[in-house]
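A short write-up of the structure that comes next.
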4 protein chains.
Amino acid sequence: MKSTSMKQRIIDSAAFLFNTKGYDGTTVREIAKRTNCNVANISYYFGNKEGLLEYLVSSYLEGYLAIIERAYIELDSRSSRECLLLAIRGIMNYQKENRHLTRFVLREITLDTTLIREIMTTYLTKEKYYFQAIFETGIKQQEFSHIPIPYAIMQLKGMLSMPYLHPQYMSEVLHIMPYEMYVTEQYSREIEKWVNYTICVHTQKAIDTFTPIPVNI
Amino acid sequence: MKSTSMKQRIIDSAAFLFNTKGYDGTTVREIAKRTNCNVANISYYFGNKEGLLEYLVSSYLEGYLAIIERAYIELDSRSSRECLLLAIRGIMNYQKENRHLTRFVLREITLDTTLIREIMTTYLTKEKYYFQAIFETGIKQQEFSHIPIPYAIMQLKGMLSMPYLHPQYMSEVLHIMPYEMYVTEQYSREIEKWVNYTICVHTQKAIDTFTPIPVNI
Amino acid sequence: MKSTSMKQRIIDSAAFLFNTKGYDGTTVREIAKRTNCNVANISYYFGNKEGLLEYLVSSYLEGYLAIIERAYIELDSRSSRECLLLAIRGIMNYQKENRHLTRFVLREITLDTTLIREIMTTYLTKEKYYFQAIFETGIKQQEFSHIPIPYAIMQLKGMLSMPYLHPQYMSEVLHIMPYEMYVTEQYSREIEKWVNYTICVHTQKAIDTFTPIPVNI
Amino acid sequence: MKSTSMKQRIIDSAAFLFNTKGYDGTTVREIAKRTNCNVANISYYFGNKEGLLEYLVSSYLEGYLAIIERAYIELDSRSSRECLLLAIRGIMNYQKENRHLTRFVLREITLDTTLIREIMTTYLTKEKYYFQAIFETGIKQQEFSHIPIPYAIMQLKGMLSMPYLHPQYMSEVLHIMPYEMYVTEQYSREIEKWVNYTICVHTQKAIDTFTPIPVNI
DNA sequence: AATGAATGAGGATTCATTCAT
DNA sequence: GATGAATGAATCCTCATTCAT
């Protein structure tokens, strides 16, 4: 009895290899070899190599989007700042749990292909909608200062993706192991400082009332 | 008379194509076609495809490092904050002027190859040294708060690289054209806010005396 | 139904083409075309072109060596002269039956490559051992005169290989068809004369008692 | 001042490389590099690569043929046996003095190309004519036994070419250095034994009167 | 006489994919 | 479901050759 299905085993191999060597740099034969199965199975389960790519990217982004959506929904019952922090914590967690896919998707998304453009439309437009809503609400409720929202999103996304786009830089230059618990923890806190000190309005009162939020939501 | 040398023309084509389709996704034939020359010239000038890659990445990172080095040297005559801002402005400029290469190098650097690992050692270790020196000086001189330096570097690098790692996201989702003058300008200012409000110490005096720095040094 | 396996068909084509045009002068495309199959199959079955070469040469020399070994073993039960004649007959036969490979291997062996040097060590050292043993035994038993063995081996190998190293010379200059039965027969007899008159001791008795040996052993 | 002309330097490089790696296995760039000159010079002096081949082979065979012709001419004033021995000694000498070319030409001549076929007609037909004349005269004058001439030529050519077709075999298996003076000497003597004992008639008188011939003619 | 840049054809190899089993 | 054999297209690279200088 094989513990995991062949489909899942292919997914895992592909995630690892795409991550390490890139999509174009990985051959289906390598994936098959790592999966310890025949090449033809990849076509069998995913149609072709591109289908495998699409599957990986889509399922990853679906989960990713769900995180942000959840934070967005909380806007009804929590402050914008809390929602933003929820999103940040959630994303950091999700990325840590899917580190191979995270790096791979973040890299692949920088390419200019039809597939990527479609994904932009499907997922990232929604992501932007949620982030924008959170920021707009914060500004309206005078919790956030009058930041230009797109630039804030850029900064946020830049900071969030950094550890996964440069894992080797982190380990070999900064000597930080990006997958260790306390690293994620601390890096999250640093980003939160950016939220508190750069995004939020700087009344002393605001700073005094910064409340911690639970890690898992 | 050809206005530019064939070597330079190959470089330009390669930068554009590597940028758009990735290194592995680009064929030497495409490069030759775009350069309007014979495939063999690529081997002639760069040995092989990988030689071309190395040339592009190395020359890009050399220029990149020079920017940061210049800011580092200014530590003798300027405040840490000013030096950090100089570095940020310089990098933003350099990236804007080499936008194809910037995106490409930033993406390629995420792969796990021998070449990349060598580059880490050669260039990015130095980059880290300069950044660290600037931050350490700032902390010692009580200009910066007691930030954990590696995490600050991560945030900074994340923010700086973001527009070039997601140009399509910017244009098609955020509707920001990343290469327009005012965009770079404004994004730089937003990152500066992070420096001023999150990195620097929060005495009211410090905030009052934030001085603008000239764009070009 | 294909009568012979693709692997065998590739071997046959390669033997013919390597023979006619040399290893370096033959392209894998030609081999594939002659085999009426796709180029990729050559890599599929033999790894690469060099793997095909190695396969051909090794399997040929294995069979070749077996012939001589058999003659060597007969030293226990026959005279040295008989063993030598057995070897000569056996080699002539083997060469005739593998004429393409024979010519090709004999030519390729004159090159100075790593592969060839390895083959020397593996096969030809053994060949020399067998020949030497036969000659030494003959000399000790006073059947052969005191010939310098290496030179005898040289002469013998020179004569044995000649028809296959110059097939065109034979057909177009000497007008001898080297693959016809009686040609091999007669050439073998001529070489035997060299054994009888130049190698063996010249007592009249010896000459009188020269006994023919059966062609097949 | 360069001591040798570029043309000659190209010839020397080509002879060495063709010898070691074969004609098809050698590139004009390698020849140029070894000659320390530009690739274009090869085309300049010899038209193209094949022209260089033709030049080498032709000039070698011209010299080779001259040797045998000289022996043939001596038929007027000497015995057939002496002439044959003269030819053998002359060829051995010529081959030793042109060892690179010898090996290369002997190997290249085994290929089945137009060029080779033309050379057969031009040179080797003449060679055969001379050998045949010597043997026929010897038989007519009852100096040689009734050998079948083509087979005798084959044996002779086989023995003569052997050391140059297997130089590595000689050095690495037999541990004979084929270019040392005494080796050539002794090998020549061994071939002469074949002439004396296998080719010549076996009257005791004949054997008693075997006269040595001077090495250089 | 000699060169360096440039070319186009062709080299071996590897790729994703398919198909009969 | 799963496989090994087989395919054709495409890969990068190297070849001999030429041309202006």
Among the residues listed as D:Thr35, D:Thr102, D:Thr27, the single one being in contact with a Lys or Arg (Cβ under 9 Å, 6 or more places away or on another chain) and in the same structural domain as D:Thr184 (by TED's automatic domain parsing) | D:Thr102
Test C:His100 against the criterion of being within 18 Å of the chain's Cα centre (by Cα), crowded, with 20+ Cβ neighbours inside 10 Å and not hydroxyl-bearing (Ser, Thr, Tyr), and give yes or no.
-> no
For the stretch C:42-54 the number of residues that are open to solvent by 30 Å² or more (accessible area, probe 1.4 Å), part of a helix (DSSP H, G or I) and of a type in the set (Gly, Ala, Ser) is 1
Test: residue in the stretch B:136-150 that is more than 30 Å from A:Glu118 (Cα to Cα), assigned by TED's automatic domain parsing to the domain that holds B:Asp76, buried (at least 23 other Cβ atoms within 10 Å of the Cβ) and in contact (Cβ under 8 Å) with a residue 40 or more places away in the chain = yes
Here the qualifying pairs (Cβ atoms under 6 Å; residues six or more apart or on different chains; first in the stretch C:103-114 and at the interface with another protein chain (Cβ under 7 Å from one of its Cβ atoms); second of a type in the set (Gly, Ala, Ser)) come out as C:Leu111/D:Gly22
Selection from the stretch D:6-27 of residues open to solvent by less than 20 Å² (accessible area, probe 1.4 Å) and of a type in the set (Val, Ile, Thr) yields D:Ile10, D:Ile11, D:Thr26
When the stretch C:152-196 is examined, which residues are found to be at the interface with chain D (Cβ under 8 Å from one of its Cβ atoms), farther than 30 Å from C:Thr137 by Cβ and open to solvent by 30 Å² or more (accessible area, probe 1.4 Å)?
-> C:Glu172, C:His175
Is at least one residue of the stretch A:82-96 farther than 30 Å from A:Phe135 by Cα, under 20 Å from the mean Cα position of the chain (by Cα) and more than 16 Å from DNA strand E (Cβ to nearest atom)?
-> no
Within the stretch C:89-102, residues being basic (Lys, Arg) and either touching a Cys at 6+ places or on another chain (Cβ under 6 Å) or within 14 Å of chain D (Cβ to nearest Cβ) (or both) number 1
In the stretch A:14-39, how many are in contact (Cβ under 8 Å) with a residue 60 or more places away in the chain and of a type outside the set (Gly, Ala, Ser)?
-> 4
Looking at the stretch C:3-12, is at least one residue touching a Phe, Trp or Tyr at 6+ places or on another chain (Cβ under 7 Å) and more than 11 Å from DNA strand E (Cβ to nearest atom)?
-> yes
Going through the stretch A:20-41 in order, the residues found to be more than 10 Å from DNA strand E (Cβ to nearest atom) and either part of a loop (DSSP other than H, G, I, E, B) or more than 14 Å from chain B (Cβ to nearest Cβ) (or both) are A:Gly22, A:Lys33, A:Arg34, A:Thr35, A:Asn36, A:Cys37
Taking the stretch B:115-146 and keeping residues more than 18 Å from A:His175 (Cα to Cα) and not aliphatic (A, V, I, L, M) leaves B:Thr137, B:Gly138, B:Lys140, B:Gln141, B:Gln142, B:Glu143, B:Phe144, B:Ser145, B:His146
Condition met for B:Leu17 (in a helix (DSSP H, G or I), at pLDDT 95 or above, of a type in the set (A, V, I, L, M, F, W, C) and within 14 Å of DNA strand F (Cβ to nearest atom)) = yes
Looking across the stretch B:42-56 at residues that are in contact (Cβ under 8 Å) with a residue 24 or more places away in the chain and near DNA strand E (Cβ under 10 Å from one of its atoms), the single one that is farthest from A:Asp24 (Cα to Cα) is B:Tyr45
Can we say B:Tyr60 is closer than 26 Å to B:Asn93 by Cα, within 17 Å of the chain's Cα centre (by Cα), away from DNA strand E (no atom under 12 Å from the Cβ) and surrounded by 17 or more Cβ atoms within 10 Å (Cβ to Cβ)?
-> yes
Answer with yes or no whether B:Gly63 is of a type in the set (Gly, Ala, Ser), within 14 Å of another protein chain (Cβ to nearest Cβ) and more than 10 Å from DNA strand F (Cβ to nearest atom).
-> no
Conditions (1) touching a strand residue (DSSP E or B) at 6+ places or on another chain (Cβ under 8 Å); (2) open to solvent by less than 10 Å² (accessible area, probe 1.4 Å) -> A:Ile88 fails only (1)
Only one of these is closer than 28 Å to C:Ser188 by Cβ and aliphatic (A, V, I, L, M): D:Leu111, D:Leu115, D:Leu86, D:Leu75. Name it.
-> D:Leu111
Filter result (surrounded by fewer than 22 Cβ atoms within 10 Å (Cβ to Cβ), under 21 Å from D:Leu156 (Cβ atoms) and of a type outside the set (Ser, Thr, Tyr)) within the stretch D:68-85 = D:Glu69, D:Arg70, D:Ile73, D:Glu74, D:Leu75, D:Arg78, D:Glu82
Can you find a residue in the stretch A:66-88 that is out of contact with any Leu (no Cβ under 7 Å at 6 or more places or on another chain), touching a residue at least 24 places away in the same chain (Cβ under 8 Å), away from chain B (no Cβ under 14 Å) and within 16 Å of DNA strand F (Cβ to nearest atom)?
-> no
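The values are calculated or read from the model by the stated rules, or taken from the named source; none is laboratory data. Keep in mind it's a predicted model, so treat the numbers as computed, not measured. When we count neighbours, we look across all protein chains shown, and the Cβ atoms used for this are built from the backbone with ideal geometry, even at glycine. All accessible areas refer to the heavy atoms of the entire protein, side chains included, with ligands and DNA or RNA removed. Shrake-Rupley method; radii C 1.70, N 1.55, O 1.52, S 1.80 Å.
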